[in-house]
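Contents: one structure, followed by commentary.
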Amino acid sequence: MRIRCTKGLSIHTFHGNFFVRSTDLLSLANINPDSGFAVQMSIEESLADSSVVCFQAALLYTSSNGERRIRVHTLCLPVVSSVTDVYTGADVQAITCLLATMAVDRSVSSSVSDARDALVNAVVDSFSAYHSTVSNLQQSVLVVPNSLRLFALYILALLKQQAFKNGSCIGLDERVFAMCKMKTQPLVHLMLMIHPHLYRIDNLSDEGSITVGDKTIPQPHILQLSAEKLSKDGAFLMDCCSVMYLWIGKNCSGSFINNVLGFSNYASIPQNMYQLPELDTALSQRVTSFVSWLRGSRPFLSVLYVVKDDAPFKTNFFSAVSGGQNRICVIIL
């Protein structure tokens, strides 16, 4: 894979799994549609005379049928003179995923503690730089551009990941595995791992559903990833990409437990339950079709854990959920 950019820019660092053959050429052992790579660019010369800058990635590969092909991706971005315009065009998810790969490199070359500090400093520095461009507001108010309104939240979620969590409670093999996923996952999968989607599924209906083939797929709303959104009388599915957690509240309705899980009451749900039975009930069909639809959007099978309040995976579930009790005064521009 060869990556080119406009004159005046240069490639600073590559992130991913590859062998660097030259300044702009990477050798890849294999490639698939879900492979992810990140590239840092440096500005070497003034771009004042340019209205746009271009980036191009050309991939030479052999298909599964033995055909030699070239796939080319080209991106053009405008050159602006205002710092506010730069922040307006910021992609917070791309920034978060790039910082995650950079933090992995910092953890390997230095320490996990240094990587955590670098992530926090990235948020502080970006908000400070933006605040300095807005002089008509009180200095005591935190000013955040609209494009980066979730930046601090994503970084806090990133600090909770096994790759960067402090302490000795994380085994070395678990930490290294988490770091490898950070370096190789495509953006959509990595963002699910960092900030999972939360759904309430004990009240699924066909309202707003979509049809895929001959199946009707419910589309529940994505809830805010906060403990305030959980209730003990419901059932909630957390999609972390490679892992899914189905949390059953203590006071969850007996009809859901019976019609979806196949048990008479909450106490009879086993501690270690890893799959949903296919029952001949409308609610079971809605839940299983929705879970199957989520699993079908990725090239691997997501493991499902049914979680009770006394289950061993309860800690894993709640570690991804924010407390939701603290409030910060923020102005979104």
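The values are calculated or read from the model by the stated rules, or taken from the named source; none is laboratory data. Computed from a predicted structure; not experimentally measured. In this analysis, Cβ positions are derived from the backbone assuming ideal geometry, glycine residues included, and neighbour counts consider all displayed protein chains. Areas reflect the complete protein model, heavy atoms only, side chains present, ligands, DNA and RNA absent. Shrake-Rupley method; radii C 1.70, N 1.55, O 1.52, S 1.80 Å.
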By average Cβ neighbour count within 10 Å, what is the ranking of 252-262, 274-284 from highest down? 252-262, 274-284
Helix-derived mean residue ellipticity, 222 nm - over the chain, DSSP H n ≥ 4, -39500 (n - 2.57), to 500: -9000 deg cm²/dmol
Just to be sure I understand the rule: take each whole DSSP H helix in the chain, project its Cα atoms onto its long axis, keep it if the span is 27 Å or more and its mean Kyte-Doolittle hydropathy is at least -0.5. Which ones pass? 112-133
Between the modelled labels at Ser109 and Ile210 (7 Å from Cα along Cα→Cβ) the distance in nm is 4.1 nm
One computes Rg over Rh for the range 1-105 from alpha-carbon atoms, with the Kirkwood Rh, and obtains 0.99
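Heavy atoms only, probe 1.4 Å: what % of the accessible area of the chain goes to carbon and sulfur, would you let me know?
53 percent
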For the chain, the dipole about the Cα centre with charges only on Cβ (Lys and Arg +1, Asp and Glu -1), to the nearest 20 debye, works out at 360 debye
For the range 199-216, what does the Karplus curve 6.51 cos²θ - 1.76 cosθ + 1.60, with θ = phi - 60°, yield as ³J(HN,Hα) per residue in whole Hz, taken in order and with x for Gly and Pro? 10, 9, 10, 7, 10, 5, 9, 7, 5, x, 6, 10, 10, 10, x, 9, 10, 9
Can you compute the charge dipole magnitude of the range 27-136 about its Cα centre, using +1 on each Lys and Arg Cβ and -1 on each Asp and Glu Cβ, nothing else charged? Give it in debye, rounded to the nearest 20. 400 debye
Toward the positive end of the charge dipole of the range 213-310, about the Cα centre and with charges on Cβ (Lys, Arg +1; Asp, Glu -1), which of Gly262, Leu223, Tyr245 goes farthest? Leu223
Just name one of Thr13, Ser51, Val83: the one whose Cα is farthest towards the positive end of the charge dipole of the range 1-155 (beta-carbon charges, Lys/Arg +1, Asp/Glu -1). Thr13
List, in order, the whole-Hz ³J(HN,Hα) value for each residue of the range 11-21 obtained from phi through the Karplus relation with A = 6.51, B = -1.76, C = 1.60 and θ = phi - 60°; use x for Gly and Pro. 7, 9, 8, 9, 10, x, 9, 5, 10, 7, 8
May I ask you to compute the full-extension gain from Arg71 to Lys250, defined as 0.36 nm times their residue separation minus their alpha-carbon distance, rounded to one decimal in nm? 59.2 nm
With the other protein chains left in place, how much accessible area per residue, in square angstrom, belongs to the range 262-327 at a 1.4 angstrom probe? 56 Å²
Percent of alpha carbon pairs in the chain separated by more than 39 Å? 25 percent
Out of Phe177, Leu304, Ser113 - ranked by how far each Cα lies towards the positive end of the dipole of the chain, with unit charges on the beta-carbon of charged residues - the top one is Phe177
What nm value, rounded to one decimal, do you get for the distance between Asn272 and Ser50 when each label is placed 7 Å out toward the C-beta? 5.7 nm
In whole Hz and in residue order, list the ³J(HN,Hα) couplings for the range 314-319 that follow from phi through the Karplus curve 6.51 cos²θ - 1.76 cosθ + 1.60, θ = phi - 60°; x for Gly and Pro. 4, 4, 4, 5, 6, 5
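Determine the relative contact order of the chain: mean sequence separation of Cα pairs under 8 Å and six or more apart, normalised by residue count, in whole percent.
Once normalised by length, the contact order is 14 percent.
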